[in-house]
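Written out below as structure tokens is the structure these notes cover.
The values are calculated or read from the model by the stated rules, or taken from the named source; none is laboratory data. These numbers were taken from a predicted model, which means no experiment stands behind them. Heads up, the Cβs are rebuilt from the backbone with ideal geometry, glycines too, and the neighbour counts pull from every protein chain shown.
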Amino acid sequence: MNTNAQHPAALTPKSKFRPLAVNQVRVGGFFGPRIDVIATKTAALLFDRCVEAGMLEQIDPDKPSPGIVIPYHPGGKVTTQMFWDSDLAKSIETAAYALYRQRDAALEARIDAVIDTYGRLQAEDGYLNSFFLRIEPGTRWANLRDQHELYDAGHMIEAAVAYYQATGKRKFLDMLCRYADLIDRTFGPNADQKHGYPGHPELELALIKLGRVTGEQRYLDLAKFFVDARGQEPHYFDQEAVARGEKPEDFHFKNYEYAQAHKPVREQREIVGHAVRAAYLYAGMADVATEFSDPSLDPALEAIWSHLTEKNLYVTGGFGPSKDNEGLTYDYDLPNATAYAETCASVALVFWASRMLGRAPDARFADVMERALYNGALTGISEDGTHFFYDNPLESRGAHHRWRWHFCPCCPPNIARLVTSIGTYFYGVAEDEVAVHLYCENDAELEVAGTRLNLGLTTRYPDDGSIALTLDPERPVDFTLSLRVPGWAKGFSLAINGEPLVAQPENGYLRIRRQWNAGDRVALELTMEAELLYAHPKVAPDQGRAAILRGPFVYCVEETDNTAALNSYVIKDGVRMTPSDIDGLPGAVGLSLDALFESQPAEGLYAESPPERRPASLKAIPYYLWDNRAPGEMLVWLRREP
């Protein structure tokens, strides 16, 4: 296992939980084959499609500037061409994780060539943004509100950290440290610095990554500045608009809730605005709260989390119902057929939830992380790794399908980088505690209580709930092993070295404190049964309906397994659901259940007699797998009767 890059655990003070680096976890089980698909197919495909879009022409200083090839939005402030750097960066990050999984000389050479091109492009002072160096030079830092400049920087930093950790190569990391140093000189609280912050959050969490891998406190401090400055008066976005000769109210989205800059972050209590921006911001806030042991951020983070999960979260872990603002509207507004629920929003929710675990193991956050991962995020990529969802409805009449590319291609590399780095979300490591947040077969190397530890986990999860861990510390060592008991589990049993152990979950985790010796084995059995879920009565589209859950998976029904129209099926509360195979999707666990099928006894739009009902059977599949076979209808929320 490659251990050239510094382990984040080495920087961990007591009671702060940090993730492992990608080079500390070797993933198998459910996610292993998915990482292999991305490593062998999707990673190169992402580069191919970036090339087709013309992105390399924009970054290459040795070629003529292509100019504006994607017209500005009608509002006149933004073109998706402004954040091509972020699309390339996420593709580089994906490729980095793919290379760690399986070295590919051709793919590595392509990445090195792109990095070399960025190296030639980088300004003498460290500035690195292709749009503002090549397309509209001389306008840097002029419109942080709209133009994604610092957002691009964040994704570039994350890509550089990933490439260093996966390959040990420092060139890209050194380039982005120079850029981060320039940003640090430019922005800050001093009179000679700009007091601005990203219009689209992302740089905040990237700077935390950079600070952890380099050990440089100034990057952590800069992340904290961006969090602290947000929404303060006088409002920076107003000031920069006036400096551009514009009226501050001349803003396409009309208010700063869109960018979560309507109030200082510590005063915010509700999730508002653009969904992806929101989750990226709160992820950065949670990281800052952890790194600086800052409890002043906790009331806002807790309130916003509750507002999302109690009033605005789809059962699939998606959020943001509206296409108009790619985000939030009003409480309990969760339409199914028109749900936007952008793939990037679920990916960002995984980021946010994982960072909420930085302070302590708490199943409130890990359960949502798992739900968003296995459902709202994973549906964003086809099983063959070639097609993608941007928006994710919970009902389709047969016209919604994955696409090859998009004029705003943020989602394909985002879900790809999440899947290929999934091992970094399995564990949280503090000075004397290891928390297991997600269960998937893997082998991990880490350090706890000053001792090297090899940890092996075997399981068929999420197909069943049997989990076995083998611990091999280099010497006997005392520490706490915390194992999550998911909220969906109807029961559990625990044994150490074959001896049953009675324990009660603490905040959803079984915390086992003991001296661990080489070869110790822990067995955790989670009771996994299919069940029906019911929505709050204020969610109008789901009244009189139920959704199916088994383990971490939300299920749906597809026309290809059943008879259209899917809304003609009715299920009874307490219906028995039996695991079954799925035609065309080998290895996945489907569910068979009895239902009633309604049909109108007479022709015409309306009738004086009720529909006839006849016994029928339904086949349900995990939601993330829909639209991988024949096209047709899809439905998550089924009609029900008591």
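Of the residues I70, I35, I115, which is modelled with pLDDT under 95, surrounded by 14 or more Cβ atoms within 10 Å (Cβ to Cβ) and either within 20 Å of the chain's Cα centre (by Cα) or outside the structural domain of L446 (by TED's automatic domain parsing) (or both)? The unique qualifying residue is I70.
If the condition is being in contact with a helix residue (DSSP H, G or I) (Cβ under 8 Å, 6 or more places away or on another chain) and more than 21 Å from D542 (Cα to Cα), then segment 558-589 contributes I582, D583, G584, L585, A588. Exactly one residue out of D443, D464 is surrounded by 13 or more Cβ atoms within 10 Å (Cβ to Cβ) and either β-branched (V, I, T) or part of a loop (DSSP other than H, G, I, E, B) (or both), and it is D464. For segment 515-532, which positions are within 24 Å of Y461 (Cβ to Cβ) and surrounded by fewer than 16 Cβ atoms within 10 Å (Cβ to Cβ)? Scanning segment 515-532 gives G519, R521, T527, E529, E531. Looking across segment 75-112 at every residue that is modelled with pLDDT under 95 and over 26 Å from the mean Cα position of the chain (by Cα), the one that is surrounded by the most Cβ atoms within 10 Å (Cβ to Cβ) is identified as K77. Counting the residues of segment 455-489 that are without any contact (Cβ under 8 Å) to a residue 40 or more places away in the chain and farther than 21 Å from D443 by Cβ gives 1. Taking S396, is it over 22 Å from L526 (Cα atoms), of a type in the set (S, T, Y) and at pLDDT 95 or above? Criteria met by S396. Candidates A366, A345, A360: the one that is in contact (Cβ under 8 Å) with a residue 40 or more places away in the chain, surrounded by fewer than 24 Cβ atoms within 10 Å (Cβ to Cβ) and of a type in the set (A, V, I, L, M) is A360. For T386, all conditions in the list (1) surrounded by 21 or more Cβ atoms within 10 Å (Cβ to Cβ); (2) of a type in the set (S, T, N, Q); (3) assigned to a loop (DSSP other than H, G, I, E, B) hold save one; what is the number of the exception? In the conditions (1) surrounded by 21 or more Cβ atoms within 10 Å (Cβ to Cβ); (2) of a type in the set (S, T, N, Q); (3) assigned to a loop (DSSP other than H, G, I, E, B), T386 misses (1) alone.
Taking segment 566-587 only, how many residues are over 18 Å from I621 (Cβ atoms) and outside any loop (DSSP other than H, G, I, E, B)? Here the count works out to 3.
Here N628 fulfils each of the conditions (1) part of a loop (DSSP other than H, G, I, E, B); (2) within 24 Å of G465 (Cβ to Cβ); (3) modelled with pLDDT of 95 or more; (4) of a type outside the set (S, T, Y) apart from (2). Look at segment 390-438 and say how many of its residues are in contact with a His (Cβ under 8 Å, 6 or more places away or on another chain), among the aromatic types (F, W, Y) and over 30 Å from T480 (Cβ atoms). Number satisfying all stated conditions: 2.
Exactly one residue out of R514, R521 is out of contact with any Ser or Thr (no Cβ under 7 Å at 6 or more places or on another chain) and basic (K, R), and it is R514.
Among the candidates V288, V227, V213, V315, the residue that is under 30 Å from Y534 (Cβ atoms), aliphatic (A, V, I, L, M) and touching a residue at least 40 places away in the same chain (Cβ under 8 Å) is uniquely V315. E598 meets each of the listed conditions (1) part of a loop (DSSP other than H, G, I, E, B); (2) more than 35 Å from the chain's Cα centre (by Cα) apart from (1). Taking (1) farther than 23 Å from A547 by Cβ; (2) surrounded by 14 or more Cβ atoms within 10 Å (Cβ to Cβ); (3) not charged (D, E, K, R) in turn, A595 satisfies each apart from (1). The single condition among (1) under 28 Å from G211 (Cα atoms); (2) touching a residue at least 40 places away in the same chain (Cβ under 8 Å); (3) in a helix (DSSP H, G or I) that P299 does not meet is (2).
Rundown of residues vs (1) over 20 Å from D333 (Cα atoms); (2) surrounded by fewer than 22 Cβ atoms within 10 Å (Cβ to Cβ); (3) polar (S, T, N, Q), yes/no style:
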position: E240; (1), (2), (3): yes, yes, no
position: A243; (1), (2), (3): yes, yes, no
position: K247; (1), (2), (3): yes, yes, no
position: D250; (1), (2), (3): yes, yes, no
position: Y258; (1), (2), (3): no, no, no
position: K263; (1), (2), (3): yes, yes, no
position: E267; (1), (2), (3): yes, yes, no
position: A279; (1), (2), (3): no, no, no
position: A283; (1), (2), (3): yes, no, no
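Return the residue satisfying two criteria in turn: it lies in segment 411-438 and is within 17 Å of the chain's Cα centre (by Cα), in a loop (DSSP other than H, G, I, E, B) and not hydrophobic (A, V, I, L, M, F, W, C), and of such residues it is farthest from D464 (Cα to Cα). Checked segment 411-438; the qualifying residue farthest from D464 (Cα to Cα) is S421. Scoring D561 on the criteria (1) under 22 Å from Y623 (Cβ atoms); (2) of a type in the set (D, E, K, R); (3) without any contact (Cβ under 8 Å) to a residue 24 or more places away in the chain leaves a single failure, condition (3).
Quickly run through segment 505-542 and pick out the residues that are touching a residue at least 60 places away in the same chain (Cβ under 8 Å), assigned to a loop (DSSP other than H, G, I, E, B) and in contact with an Asp or Glu (Cβ under 7 Å, 6 or more places away or on another chain). If the condition is that a residue be touching a residue at least 60 places away in the same chain (Cβ under 8 Å), assigned to a loop (DSSP other than H, G, I, E, B) and in contact with an Asp or Glu (Cβ under 7 Å, 6 or more places away or on another chain), then N507, G508, M528, A535 are the ones that fit. Within segment 214-223, take every residue that is crowded, with 22+ Cβ neighbours inside 10 Å and not hydroxyl-bearing (S, T, Y) and give me the one that is farthest from A259 (Cα to Cα). Among those that are crowded, with 22+ Cβ neighbours inside 10 Å and not hydroxyl-bearing (S, T, Y), it is L222. Of the residues L378, L373, the single one that is part of a helix (DSSP H, G or I) and touching a Phe, Trp or Tyr at 6+ places or on another chain (Cβ under 7 Å) is L378. Among the residues of segment 152-174, those identified as charged (D, E, K, R) and either assigned to a helix (DSSP H, G or I) or buried (at least 24 other Cβ atoms within 10 Å of the Cβ) (or both) are D152, E158, K171, D174.
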